[in-house]
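The values are calculated or read from the model by the stated rules, or taken from the named source; none is laboratory data. Only a predicted model underlies this, so the values are computations on that prediction, with no experimental measurement involved. Positions of Cβ are generated from backbone atoms using ideal geometry, with glycine treated the same way; all protein chains shown enter the neighbour counts.
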Amino acid sequence: SQTIHQWPATLVQPVGSPLSLECTVEGTSNPNLYWYRQAAGRGLQLLFYSVGIGQISSEVPQNLSASRPQDRQFILSSKKLLLSDSGFYLCAWSVRYSNQPQHFGDGTRLSIL
Amino acid sequence: GENVGLHLPTLSVQEGDNSIINCAYSNSASDYFIWYKQESGKGPQFIIDIRSNMDKRQGQRVTVLLNKTVKHLSLQIAATQPGDSAVYFCAENPGYGGSQGNLIFGKGTKLSVKP
């Protein structure tokens, strides 16, 4: 069966520090991969998606970036965090065709101080 | 996402009653719809999906209804239990085609079950 892992589960970072969140998927090949951000008590905002290695599409302009160095690995990064980057970050995968559900990891709670 | 910046509506039901959570979608070309359940501190969990060639689909204690005429989706939960307390999101595939499989998520509804 397929599984998705995100780490760390929680992270506290100072303003201006770098960020690296990692997401890996097991049990499937060539997945679509997604990064979302969710503010407290609110809905899901799509940040990036990827349909293959090295292929990244950005949905929202920001100081975050994403990379996909391997088929089942998706990384969310920042060179300098802002206070507004605080939130709950979720990674998801889906089979690489439309009309398939996305399956989510358990997220990373990021707090910027 | 269009739901960013909006606070969640809340539905409060008595344990054992049926719950109905509604969702309006805007894209008439959407051909695939999903309901997710999100418990506090966790990622959304897939509940049930429905394709646009259907108007009803049933799972274990859940039923999804699709009304394409008015672009409305609902999730019915039978005999609601305390473990059903969570935020529920609908999502639609807007039919852009291609392989990216992007979904548009609804605002979310918080379901609270009273014992």
Inset, instruction - Select from the stretch B:11-39 the residues that are more than 10 Å from every other protein chain (Cβ to nearest Cβ) and over 21 Å from residue B:61 (Cβ atoms) and write down the one among them that is surrounded by the most Cβ atoms within 10 Å (Cβ to Cβ). - result: B:30
Inset, instruction - Test residue A:6 against the stated conditions and say whether it is under 26 Å from residue B:45 (Cα atoms), modelled with pLDDT of 95 or more and surrounded by 12 or more Cβ atoms within 10 Å (Cβ to Cβ). - result: yes
Legend entry - the stretch B:44-58, residues that are surrounded by 13 or more Cβ atoms within 10 Å (Cβ to Cβ) and at pLDDT below 95: B:52
Inset, instruction - Under 6 Å between Cβ atoms, at least 6 apart or on separate chains: pull out the pairs that start in the stretch A:86-105 with a residue that is in contact (Cβ under 8 Å) with a residue 60 or more places away in the chain and end on any residue that is among the charged types (D, E, K, R) and buried (at least 21 other Cβ atoms within 10 Å of the Cβ). - result: A:89/A:37
Legend entry - Condition broken by residue B:109, with the remaining ones in (1) among the hydroxyl-bearing types (Ser, Thr, Tyr); (2) surrounded by fewer than 13 Cβ atoms within 10 Å (Cβ to Cβ); (3) within 14 Å of chain A (Cβ to nearest Cβ) satisfied: (2)
Legend entry - Unique match (being exposed (fewer than 12 other Cβ atoms within 10 Å of the Cβ) and at pLDDT below 95) among B:94, B:82, B:115: B:115
Legend entry - Elements of type strands (runs of 3 or more DSSP E) in the stretch B:15-89, at least 3 residues being within 20 Å of residue A:100 (Cα to Cα) and more than 11 Å from the chain's Cα centre (by Cα): B:56-58
Inset, instruction - Give the residue, chosen from B:78, B:91, that is of a type in the set (Gly, Ala, Ser) and within 14 Å of chain A (Cβ to nearest Cβ). - result: B:91
Inset, instruction - Name, by its number, the condition in (1) closer than 25 Å to residue A:51 by Cα; (2) touching a Phe, Trp or Tyr at 6+ places or on another chain (Cβ under 8 Å); (3) not β-branched (Val, Ile, Thr) that does not hold for residue B:66. - result: (1)
Inset, instruction - Mind counting the residues in the stretch A:1-46 that are without any contact (Cβ under 8 Å) to a residue 40 or more places away in the chain, assigned to a strand (DSSP E or B) and within 11 Å of another protein chain (Cβ to nearest Cβ)? - result: 2
Legend entry - Residue, surrounded by the most Cβ atoms within 10 Å (Cβ to Cβ), within the stretch A:57-81, restricted to residues that are over 28 Å from residue A:29 (Cβ atoms) and modelled with pLDDT of 95 or more: A:81
Inset, instruction - Considering each of A:29, A:50, A:57 in turn, give the residue that is more than 25 Å from residue A:82 (Cα to Cα) and hydroxyl-bearing (Ser, Thr, Tyr). - result: A:29
